[in-house]
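Working notes, structure below.
Read the figures in this text as sums done on the coordinates, not as results from a lab. Nothing here was measured: the structure is a model prediction, and the numbers come from that model. Cβ: placed from backbone, ideal geometry, glycine included. Neighbour counts: every protein chain shown.
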Amino acid sequence: MTQFITPAEAARLVGDDMTLAVSGHAGFGTPDGLFKALHDRYADEGHPRNLTLVKIAGTGDGGQRGGDRLAADGLIGTIITSHFGMEKKLSDKVAADQCLAYTVPAGTLLELYRAIAAGRKGVWTDIGLHTLADPRLDGSKANEKTVREGKDIVRLMEIDGSEYLYYPAFPIQVCFIRGSLADEDGNISLQREAMIGEQLEVAEATHNSGGIVVIQVEDVVPRGSLDSRLVKIHHFLVDYVVVPRPKYHVQSFSTHGYRPELSGEGRKSIQSLPPHPLDNRKICARRAAMELKKGDVMNLGIGIPEIIGSVAAEEGFGPSLTLAADSGIIGGIPLSGLDMGAAVNAEAKLKMADMFDICHGGGLDLCALGLAEIDAMGNVNVSKFHGRVTGPGGFIDLAQHTKKLILMGT
């Protein structure tokens, strides 16, 4: 039976050496109130210690909120993620060899959640062959400490004459995830979220591991008042529900905060979007937009590609394109910065896991991806540069089977 508790009580459910899985993509889906409570408990008690933090995307704002609340020395012993996003403090810990860290393609982590939930041994995939995920290169190990001390989390295998990467499944003891509303039974709606991330997959994996599922929501509504079509996590999967103070449950970490047009509750005129200044980023974005044909489905990556949507709208041909993001957003104008992963006037919001299935199967016509470094052979690095560790995010998932790639950078 679902129980309703305070953030401080939720933080006390996390013990030393546990594996903690969290949801979040910048501010979207990030249970910041639970992060704050865990931070406060550690500051007071020095516990829990040596957690393994598992997350798909960066959950920070480049300053204090989200995942960076967990960067205190001794709190996190291992991080498994695809990307550190705006989590500068966590990224700095990894770069300074202060914890073990593994950077795994985002879609592979989603498949691992599904495998854990289904009781499978692990994930076999061709995504990541001959990249940093491959044991012949980094084996997903993100720093020297992990190379020296960390266990191998991926193995190279051959099945019917083809090479695959194999990631063994692992149990999750507790998860912190975020929804929009809970009813009095603990059924969870995601109806106000700007994107539908990994919430269900994490809840299933944790529940079926025998772990504790904790969900932060904005409010609790009467029993039976939620439309069953809007319930995305049934209460049998939910152990605890938390309602934090509103400042710890914002829709976005951007200065705009919650905007109805991001969650589908309102429409906004595309013409009202401010134009991007004419700089290197815009020049690259305009050139990439010239590659688009009517009817193409194009996924936009982090960095310069983020502004292709606004440039296309400004040029007047935005409505003839179908732009998408690996967060599951299709159509509308994908946004950038701390709003990356959401869109103004999105036509559809798939679950992130479903969008990655489409990407892995070659269903996209084009991908525009940012690059950090590129060599004369066309090898691209987006994971480690200038002393930083960022991770690949969904780059490898998007690049491997898409029909046409546009790589953008200065």
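At a glance:
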| item | result |
| --- | --- |
| Cα-Cα P(r), region 346-394, percent of pairs per 5 Å interval | 4, 15, 19, 21, 18, 13, 8, 2 |
| For region 3-248: rounded, prolate or oblate by the Cα gyration tensor [a/c cutoff 1.5] | oblate |
| Segment H401-E315, extension gain: residue separation times 0.36 nm, minus the distance between their alpha carbons | 28.0 nm |
| Of K232/K349; K151/K351; K293/K403; K55/K384; K282/K349; K89/K145, pairs whose Cα-Cα distance is over 21 Å | K151/K351; K282/K349 |
| P(r), alpha carbons of region 89-225 - 10 Å bins starting at zero, rounded % | 11, 30, 33, 18, 7, 1 |
| Whole-number D in µm²/s for region 69-162 (Stokes-Einstein; Kirkwood sum over Cα pairs; 10 °C, 1.306 mPa s) | 111 µm²/s |
| M377-R136 FRET efficiency (beta carbon distance; Förster radius 25 Å; 0.05 resolution) | 0.90 |
| Region 81-176: chymotrypsin sites (Phe, Trp or Tyr not before Pro) in DSSP loop, at most 11 other beta carbons within 10 Å | none |
| Within region 139-154: backbone nitrogen closer than 20 Å to the D97 label point (7 Å, Cα to C-beta) | 139-153 |
| Computed log₁₀ I(q)/I(0) - Debye formula, equal Cα scatterers, no solvent, region 176-217, q 0.21, 0.26, 0.34 Å⁻¹ | -0.66, -0.94, -1.24 |
| Inter-probe distance in nm under a simple model that places probes 7 Å from Cα toward Cβ, at D17 and D365 | 5.5 nm |
| Alpha carbon convex hull of region 1-40, projected area averaged over orientations, nm² | 3.6 nm² |
| Cubic angstrom per residue, convex hull over Cα atoms of the chain | 138 Å³ |
| Region 270-329: trypsin sites (Lys or Arg not before Pro) falling in loop per DSSP and having at most 16 other Cβ within 10 Å | K293, K294 |
| Under the span-like rule (Cα at least 15 Å along the axis, Kyte-Doolittle mean at least 0.0), DSSP H helices of the chain | 106-118 |
| Candidates G331, G186, G119, ranked by Gaussian network fluctuation over the chain, Cα under 10 Å, top entry | G119 |
| Highest-MSF residue in the chain out of P277, P31, P168 [GNM, Cα springs under 10 Å] | P277 |
| Shape parameters for region 260-408, alpha-carbon atoms, Rg then Dmax in Å | 14.8, 47 |
| Cα-projected label distance for E144 with D73, points at 7 Å along beta-carbon direction, nm | 1.9 nm |
| Cleavage-rule hits (GluC sites (Glu not before Pro)) in region 277-348: DSSP loop, at most 15 neighbouring Cβ within 10 angstrom | E291, E347 |
| Distance from region 368-410 to region 74-143 (C-alpha centre basis), Å | 17 Å |
| Max mean-square fluctuation residue, GNM over the chain, Cα-Cα springs under 10 Å, options F253, F170, F385 | F385 |
| Model label zone, V221; criterion: amide N under 14 Å from point 7 Å along Cα-to-beta-carbon; scope region 175-213 | 179-193 |
| Part-to-part distance (alpha-carbon centres) for region 284-350 and region 155-179, which is given in Å | 31 Å |
| FRET efficiency, S228 to Q64 (Cβ-Cβ, R0 35 Å, nearest 0.05) | 0.35 |
| Rounded to the nearest 20 debye, dipole of the chain from Cβ charges on Lys, Arg, Asp, Glu | 480 debye |
